[in-house]
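Student: Below are the structure tokens for one structure; questions will follow.
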Amino acid sequence: MRWRDLRRSRHVEDRRDASPSARSGLGGGAKLSGGGLLLVLVASLIFGFNPMEVLNLLSGEPTISASQQTHPRQAPSPDDPMVDFVSAVLGDTEDVWSQWFQTQGGRYEQPRLVLFRDAVQSACGFADTAVGPFYCPGDRQVYLDLSFFQELSQRFGAPGDFARAYVIAHEIGHHIQNLTGLSSKVQAQRRQLPEAQANALSVLVELQADCLAGVWGHHAQQRGVLEPGDVEAAMRAAAAIGDDHLQRQARGYVTPDSFTHGTSQQRTQWFNRGLNTGHVTECNTFAAQHP
């Protein structure tokens with residue numbers, strides 16, 4: 001992936017050296033009980049879902065507004081190659097989505113991407129590294145522990161720059177859903193559904209985020225950013241974090257009613273759909289039938 005020529009975003013915030021109280025959430029805000037947090041973290045490891053997104057949709061607990069956050073915003077070190085990579089990918093998503101919103105007669109609100117180490121406090125509550133990268137609708141920020149990229153390569157067998165870029169673009173897809181009002185609609189619907197149907201709705205949300213990540217990838221490909229092997233790397237990443245693959249890997253069998261992100265086939269299918277077409281209108285997972 002030829003990312004070094006991309007414009008760098010100014011919206012990367014580095015909290016990796018934040019005080020322990022800021023990382024642990026002791027400074028106040030929405031928190032989980034110890035047992036509840038443990039349950040979410042264990043489930044995230046088994047099922048591969050993003051617990052912060054699900055908790056925000058299901059809990060109904062008050063969130064902290066962005067203005068209530070007390071963490072000082074710190075610029076990332078320009079000498080860190082991985083931070084430079086994240087800034088480049090985020091900057092490119094800003095360019096692509098700003099242009100799309102402009103064609104729709106709107107204005108793109110660029111999200112902040114927060115780097116953290118070990119744990120972080122967001123408007124969605126306290127999160128440990130184990131939850132993986134996540135987007136918080138409450139403060140419209142993406143949260144990322146860079147150690148996940150190593151896990152993506154070693155645990156999930158998906159190395160490469162574009163595999164890592166896919167992860168960022170997927171979370172930005174959730175930001176698009178939030179800006180367009182989809183997230184709030186889904187939140188309201190989930191609260192009225194039994195667990196299995198609520199999970200199925202979550203799958204549609206996640207698959208759409210995969211497709212939106214593919215839309216960004218399409219525009220990157222059109223501008224010559226991608227290199228041979230990049231698409232395959234992203235496909236491996238999407239397949240590796242499918243619910244069926246993760247459940248089979250963890251316990252030897254799958255329970256489809258508990259899926260929250262979609263199967264490996266679905267995730268690669270929808271990412272590829274966005275990548276091939278480059279059209280947001282092709283990402284209506286809610287109107288499509290899934291195998």
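Student: Kindly indicate the residue of region 200-209 that is in contact with a helix residue (DSSP H, G or I) (Cβ under 6 Å, 6 or more places away or on another chain) and buried (at least 21 other Cβ atoms within 10 Å of the Cβ) and also farthest from Cys283 (Cα to Cα) among those meeting that condition.
Tutor: Val205
Student: Quick one: which of Ala165, Ala158 is crowded, with 20+ Cβ neighbours inside 10 Å, in a loop (DSSP other than H, G, I, E, B) and out of contact with any Pro (no Cβ under 9 Å at 6 or more places or on another chain)?
Tutor: Going through Ala165, Ala158 in turn, just one is crowded, with 20+ Cβ neighbours inside 10 Å, in a loop (DSSP other than H, G, I, E, B) and out of contact with any Pro (no Cβ under 9 Å at 6 or more places or on another chain): Ala158.
Student: Pick out, from region 212-291, the helices (runs of 4 or more DSSP H) lying fully within it that include 2 or more residues that are modelled with pLDDT under 90 and small (Gly, Ala, Ser).
Tutor: So the answer is 230-240.
Student: Residue check: is Gln110 in contact with an Asp or Glu (Cβ under 8 Å, 6 or more places away or on another chain), polar (S, T, N, Q) and modelled with pLDDT of 95 or more?
Tutor: Here the answer is yes, as Gln110 does meet what is asked.
Student: If you check Gln187, Gln197, which single one turns out to be in contact with a Leu (Cβ under 9 Å, 6 or more places away or on another chain), farther than 23 Å from Val96 by Cβ and not charged (D, E, K, R)?
Tutor: The match here is Gln187.
Student: Still on this structure, I have one more. Which of the residues belonging to region 109-139 are polar (S, T, N, Q) and under 22 Å from Val96 (Cα atoms)?
Tutor: Selection gives Gln110 alone.
Student: Evaluate the following for Ala288: is it touching a residue at least 24 places away in the same chain (Cβ under 8 Å), surrounded by fewer than 21 Cβ atoms within 10 Å (Cβ to Cβ), of a type in the set (Gly, Ala, Ser) and over 18 Å from Pro133 (Cα atoms)?
Tutor: When the stated conditions are applied, Ala288 does not pass them.
Student: A follow-up question, please. Within region 65-82, is there a residue that is at pLDDT 85 or above and touching a Lys or Arg at 6+ places or on another chain (Cβ under 9 Å)?
Tutor: Yes - at least one qualifying residue is present in region 65-82.
Student: Something else about it: When the residues of region 215-268 are filtered to those that are over 17 Å from the mean Cα position of the chain (by Cα) and on the phi > 0 side of the Ramachandran plot, which remaining residue is surrounded by the fewest Cβ atoms within 10 Å (Cβ to Cβ)?
Tutor: Gly252
Student: Given Gln177, Gln192, which one is over 24 Å from Met1 (Cβ atoms), polar (S, T, N, Q) and either in a helix (DSSP H, G or I) or modelled with pLDDT of 95 or more (or both)?
Tutor: Of Gln177, Gln192, the one residue that is over 24 Å from Met1 (Cβ atoms), polar (S, T, N, Q) and either in a helix (DSSP H, G or I) or modelled with pLDDT of 95 or more (or both) is Gln177.
Student: A further question follows. Report, by residue number, each residue of region 130-148 that is assigned to a helix (DSSP H, G or I) and either modelled with pLDDT of 95 or more or surrounded by fewer than 20 Cβ atoms within 10 Å (Cβ to Cβ) (or both).
Tutor: Ala130, Ser147, Phe148 - these are the residues of region 130-148 that are assigned to a helix (DSSP H, G or I) and either modelled with pLDDT of 95 or more or surrounded by fewer than 20 Cβ atoms within 10 Å (Cβ to Cβ) (or both).
Student: When you look at Arg190, is it surrounded by fewer than 24 Cβ atoms within 10 Å (Cβ to Cβ), in contact with a strand residue (DSSP E or B) (Cβ under 9 Å, 6 or more places away or on another chain) and either more than 22 Å from Phe286 (Cβ to Cβ) or in contact (Cβ under 8 Å) with a residue 24 or more places away in the chain (or both), yes or no?
Tutor: Here the answer is no, as Arg190 does not meet what is asked.
Student: Does Phe126 meet the test of being surrounded by fewer than 24 Cβ atoms within 10 Å (Cβ to Cβ) and either modelled with pLDDT of 95 or more or within 14 Å of the chain's Cα centre (by Cα) (or both)?
Tutor: It is false that Phe126 is surrounded by fewer than 24 Cβ atoms within 10 Å (Cβ to Cβ) and either modelled with pLDDT of 95 or more or within 14 Å of the chain's Cα centre (by Cα) (or both).
The values are calculated or read from the model by the stated rules, or taken from the named source; none is laboratory data. The shown structure was predicted, so the numbers you read here are calculated from the model rather than taken from an experiment. Ideal geometry is used to build each Cβ from the backbone, glycine not excepted, and the neighbour counts take in all protein chains shown.
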